[in-house]
1. Please give me, ordered by residue number, the GluC sites (Glu not before Pro) of the range 215-263 that lie in loop per DSSP and have at most 12 other Cβ atoms within 10 Å.
2. Would you kindly derive the ³J(HN,Hα) couplings of the range 85-90 from the backbone phi angles with the Karplus curve 6.51 cos²θ - 1.76 cosθ + 1.60 (θ = phi - 60°), listing them in order in whole Hz, with x for Gly and Pro?
3. With +1 on each Lys and Arg Cβ and -1 on each Asp and Glu Cβ, how big is the dipole of the range 105-262 about its Cα centre, in debye rounded to the nearest 20?
4. Counting only other residues whose beta carbon sits under 14 Å from that of Phe61, what net charge do I get with K and R as +1, D and E as -1?
5. Skipping prolines and chain starts, which residues have an amide H placed within reach, meaning under 5 Å, of the one on Ile85, given they are 5 or more residues away or on another chain?
6. Indicate the gyration tensor shape class of the range 1-157 (rounded, prolate or oblate), computed on the Cα atoms with a ≥ b ≥ c the square roots of the eigenvalues: a/c under 1.5 is rounded; otherwise a/b larger than b/c is prolate and the rest oblate.
7. Amide H to amide H under 5 Å from Ser25: which residues, 5+ apart in sequence or cross-chain, H placed 1.01 Å off N in plane?
8. I want to verify a result. In a Gaussian network model of the chain, Cα cutoff 10 Å, which of these has the top mean-square fluctuation: Ile70, Ile44, Ile85?
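Just so it is clear, none of the values below were taken in a lab; they were calculated from the coordinates. The structure displayed is predicted, hence computed values, not measured ones. Cβ: placed from backbone, ideal geometry, glycine included. Neighbour counts: every protein chain shown.
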Amino acid sequence: MKSGTGEDVTVSPSAIRLLLLLRGSEPEGLGRAEQVTYMLETAIAMGIVGEGERLPRESVFSTELGISSITLRQALNTLRMKGVITTSRGRSGGSFVRSPKEPSAEDIRQKLRLTSTEDLRDLGDHCAAVAAASAKLAAQRADEQDIEYLEGLAARFDASATAQERRRADTRFHVTVGVAAQSSRLTAAMLQIQAELSSFLWIGQESESSVAEATREHNHILKCIAEHDAPAAAAAAELHSSTEMERIIKQHLQMLMLSQEDA
């Protein structure tokens, strides 16, 4: 499988570092191979590992993940059966990421409907706190390369044509603010929050004004970081997280009302 330039692209070391930070976000009760499957599948769904990218050789990849080759092989086999990766033989062969199957809008709405309002508010509070701390440190520590990358992600969000593209760009923007903050713990926290939260974002029925508002808020966060205004960056990130969660909770409550009317 080839990239847009016609060349094979192997998953980058930075993507693998982000992948490792997903540890601890797995549902309880999973075996080791199932945990690795969850991490890889979540990273692919979030766009951390991109479609068409080649996974490292099994011997290298298992070492990077700190697991046995047998455990990795079991996880990869599960992903192949799910259609998340494909494997080919030969000199140019290997395991390549396929476009992840997106849950249907109805599946997402059902999951959102069944999540309690209290859990959503708690997740929103956690997200706002981590986002504010990340943006504050990013304003103090980000270099030009970090800012350029964030600009690209903000532009990608604005130009997104589908809910899937918008959701991935939004997720990557927030995770990259953590990276720019040069804090592994904050980046890990935001990754795990986004793994839980991102499925509720941009289901596909949002108004153009909601998308435009999110674009303005991304750009304002970015502007504050670029100007090294730490207090303003923290306030902008906290406001953006709160606005997104308010929209999600509003959708959740509307679904509950409709369910009660149909009962």
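1. Glu227
2. 10, 10, 10, 10, 9, x
3. Working: 16 positive and 26 negative charges, 47 e Å.
My answer is approximately 220 debye.
4. Once positives and negatives cancel, what remains is +1.
5. The answer is Arg80, Arg98.
6. Taking the square roots of the gyration eigenvalues as a ≥ b ≥ c, the range 1-157 is oblate.
7. The answer is none.
8. Of Ile70, Ile44, Ile85, the Gaussian network model singles out Ile70 as fluctuating most.
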